[in-house]
1. Determine whether region 381-391 contains at least one residue that is within 15 Å of Gly291 (Cα to Cα) and of a type in the set (Lys, Arg).
2. Restricting to region 517-541, give me the number of residues that are under 22 Å from Thr319 (Cα atoms) and in contact with a His (Cβ under 9 Å, 6 or more places away or on another chain).
3. In region 35-66, what count of residues is obtained for those that are farther than 19 Å from Val544 by Cα, crowded, with 17+ Cβ neighbours inside 10 Å, at pLDDT 75 or above and not polar (S, T, N, Q)?
4. Return the total of residues in region 624-637 being surrounded by 20 or more Cβ atoms within 10 Å (Cβ to Cβ) and in a helix (DSSP H, G or I).
5. Taking region 543-566 only, how many residues are part of a helix (DSSP H, G or I) and not β-branched (Val, Ile, Thr)?
6. I'd like to verify a number: residues in region 229-241 that are buried (at least 16 other Cβ atoms within 10 Å of the Cβ) and either free of Cβ contacts under 8 Å to residues at least 60 places away in the same chain or in the same structural domain as Lys187 (by TED's automatic domain parsing) (or both), how many?
7. Considering only region 348-387, state which residues are surrounded by fewer than 20 Cβ atoms within 10 Å (Cβ to Cβ) and outside any helix (DSSP H, G or I).
8. With the condition kept exactly as written, say whether any residue in region 567-578 is closer than 30 Å to Met307 by Cα and touching a Ser or Thr at 6+ places or on another chain (Cβ under 9 Å).
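The values are calculated or read from the model by the stated rules, or taken from the named source; none is laboratory data. Bear in mind that the values here come from a model prediction, so they are computed numbers and not experimental data. Positions of Cβ are backbone-derived with ideal geometry, glycine not excepted, and every protein chain shown enters the neighbour counts.
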Amino acid sequence: MCGFAGFLDRSETTSPDQLRDIAGRMIESLRHRGPDDGGLWTDDLACVVLGHRRLSILDLSPAGHQPMVSCGGRFIIAFNGEIYNHLDLRRELELGPATPEHALFDRDSLSTADTRAWRGHSDTETLLAAIEAWGVGEALKRSVGMFAFALWDRHDKILYLARDRLGEKPLYYGWQGDTLLFGSELKAFRAHPDFRAEIDREALALLLRHNYIPAPFTIYRGIHKLPPGTFLALGSHRQNPQPVAYWSARDTALRGRMQPFAGGEEDAVNALETLLRQSVAGQMVADVPLGAFLSGGFDSSMVVALMQAQSARPVKTFTIGFGEAEYDEAEHARAVAKHLGTEHTELYVTPEEAMAVIPKLPALYDEPFADSSQIPTYLVSQLARQQVTVSLSGDGGDELFGGYSRYFWAMKIWRWVSYLPMPARQTMSRLLTIVPPHAWNTVFRALGFMLPAGLRYSNPGDKLHKLSSFLGARKPEAIYFDLVSHWKEPNRLVRGAQEPATVLSDPLQWPELRDFEHRMMFLDTVSYLPDDILVKVDRAAMGVSLETRVPLLDHRVVEFAWKLPLAMKIHEGQGKWLLRQVLYRYVPRELVDRPKMGFGVPIDHWLRGPLKPWAEALIEPKRLKSEGYLNPSLIQEKWKQHQSGRRNWSYYLWDVLMFQAWLEAQ
């Protein structure tokens, strides 16, 4: 795990010394991603610079130093991530390369691998050899891993940028005048004198709708996120080519539904267990101490169970706990760890310790990012880094195997709503919203003893008001879009903004999947997963120089999941059915069978208490008006309702506060 940055300078006015000086400042800003080593490589004639910061995981010797030059001297790479099957690729290369069907390069111009003398045992060297032998596109297709890289082709004067299939590792790029900037984090761009740092109001509108900025957008105009599963080839002239997909989540979903799994339930459990064991084993390879996050939930328990089953010593596991029972999973994690026999470390965090993370968030996440679980994610990463350099994580199970409650509630809501004529829905919506949420809460508390457990919400009034917004839906996707939206009309909130289309709002980008639940899983896999969940984990962990790996996102597991029928994912109103069957082979169901908990902190209470002065200063109306980005009246309305306790607008307010805190830090 590392960080890289660089640029192509087409101005023809920058001296070689200036190139290296600028690149040095850019890469120094990423030291946290790679504290063990750093390097620069320049092509003075082409005005290209690659910089790299290294967190040594495989091949701790100088043979792993980057930027790395290929054996034949043609390619130079700055690489971030891991190629888990790189030893298999080495063996294949040593046998002599077969001509690929779709080589990106002319075979005659490439060096052969059968006479290769390996300099070390890093996966970076293996990837370079694969690119020399097979070309960029074919090497990417054969690689199993999480990664992003910048590759300079000295022969053809082409810069390649590439990103892994699911988007575990970040990669930003964009032209600023005559300079193309690229790198692992946006903070590196700010070190370049050509960087304009112009805020994109359209991207800001997306932030306020989703609490994250989806690819390819960033908070800066003209700067883009490279989409997962793609690479980009940039030639000698300023240009804006489209990313080329070497793997597609959309095609994977369609292919899986067209070629479904043919076996029965027991066959599926066996097949998934084999795939997961293979993925976990591959991701346990490291030359440094390794452990895992353990929340006690299904996904992290699954990863830890398979690690321990394949380890000769107790696996190091880490969790944090909170005093507030509704946010605390430490007890459950402790029980799973005891059963599996791991070397478990837990830390109970006080509200003061958690809130102390908040001032770090603007620099840590680099562009405004408002998933409040960023706080505990940083804390557990900090805890793990005290003992290990690599930690495996259980992310991805919800999107692939139907774990989110919206997958089984949204369809139920649609079936109920669609039976009613629109006038009746509109009347019901008005009736639900006439009564304020706090009054509904009083009614539900009074009737609590008469209600089933599923209706005893902590804030049922908010749920009913949210239900009222679904009543106008004309198709089920509208309910999903409402569920994944915070501010419903961000154009009203952001001055001068016109919210752009994304994969979530553009049906032309959706695959034709029969089941609404599968359509929701697809949309989460290409949006919420890479742009929220994986961003959260990458920045929190790399902020303390910790590498994270996500075994459930091995693309072979993803492809298998799309072959499964919906009934093997969502069964009798419960998600992740197939994952549960695998986990029950290792952990008794009574240790893990309980309602899903979010990995969060009580932001709603903090905003009414210790965070109130900080928040009020950031959203003070005169300040908002002078800055010119946000509409003060809409924010003040929700702030007053939240402070009164009549509504819980913590998600909406956190979106605004994270933008304001980021803006203040610029």
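1. Start the filter on region 381-391 by keeping residues that are within 15 Å of Gly291 (Cα to Cα), which leaves 381-391.
Checking the rest, the ones that are also of a type in the set (Lys, Arg) come to 385.
Yes; the residues of region 381-391 include at least one that is within 15 Å of Gly291 (Cα to Cα) and of a type in the set (Lys, Arg).
2. So the first thing to find is which residues in region 517-541 are under 22 Å from Thr319 (Cα atoms), and the list is 529, 532-541.
In the following step, the residues that additionally are in contact with a His (Cβ under 9 Å, 6 or more places away or on another chain) were identified as 532.
Residues that pass the stated criteria total 1.
3. 10
4. Narrowing region 624-637 to residues surrounded by 20 or more Cβ atoms within 10 Å (Cβ to Cβ): 624, 630, 635.
Among the residues that remain, those that are also in a helix (DSSP H, G or I) are: 624, 635.
Residues that pass the stated criteria total 2.
5. Qualifying residue count for the region: 9.
6. Let us first name the residues in region 229-241 that are buried (at least 16 other Cβ atoms within 10 Å of the Cβ), namely 229-234.
Those left that are additionally either free of Cβ contacts under 8 Å to residues at least 60 places away in the same chain or in the same structural domain as Lys187 (by TED's automatic domain parsing) (or both): none.
Matching residues across region 229-241 total 0.
7. Correct list: Tyr348, Thr350, Ala356, Ser373, Gln386, Gln387.
8. Looking for residues that are closer than 30 Å to Met307 by Cα and touching a Ser or Thr at 6+ places or on another chain (Cβ under 9 Å), one finds at least one in region 567-578, hence yes.
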